[in-house]
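So the structure is just underneath, and the comments pick up after that.
No lab work stands behind these numbers, since they all come straight from the coordinates. No experiment lies behind these values; they were computed from the predicted model shown. Cβ: placed from backbone, ideal geometry, glycine included. Neighbour counts: every protein chain shown.
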Amino acid sequence: MADKVCPDCGQDDTLVVTHEEEKWLHGFGDDQVELRAVVPVYSCKDEECGHRYTNHEAFKIQRDVVRAHYDQLGFSDRTLYPWP
Ligand SMILES: [Zn+2]
């Protein structure tokens, strides 16, 4: 499923995947927490391009982390996070 064409420079076989920890703030005010997840990051190894991006795989992993966070808080109201 790995797409090997860089979406920025369009070259073939320049993408490498690394797994990196992403941190982000979730929620507001007193409920704000820092969540983190290790996600696949695609990087173009062409030096002039150097494009980096994450895709739906990272989104899914981060979504699962948010969901686990809500579960931990005891939220079961799915309207708060209406994801499938
Ligand atoms: Zn590139």
Checklist entry - Regarding Thr18, is this residue exposed (fewer than 14 other Cβ atoms within 10 Å of the Cβ) and either among the aromatic types (Phe, Trp, Tyr) or touching a strand residue (DSSP E or B) at 6+ places or on another chain (Cβ under 6 Å) (or both)? => result yes
Checklist outcome for this item: When every residue in the stretch 28-60 that is acidic (Asp, Glu) and within 29 Å of Gln11 (Cα to Cα) is compared, the one nearest to the ligand (Cβ to nearest atom) is Asp46
Item to check | From Pro40, Pro7, residue being touching a residue at least 12 places away in the same chain (Cβ under 8 Å) and more than 28 Å from Arg67 (Cα to Cα) | outcome: Pro7
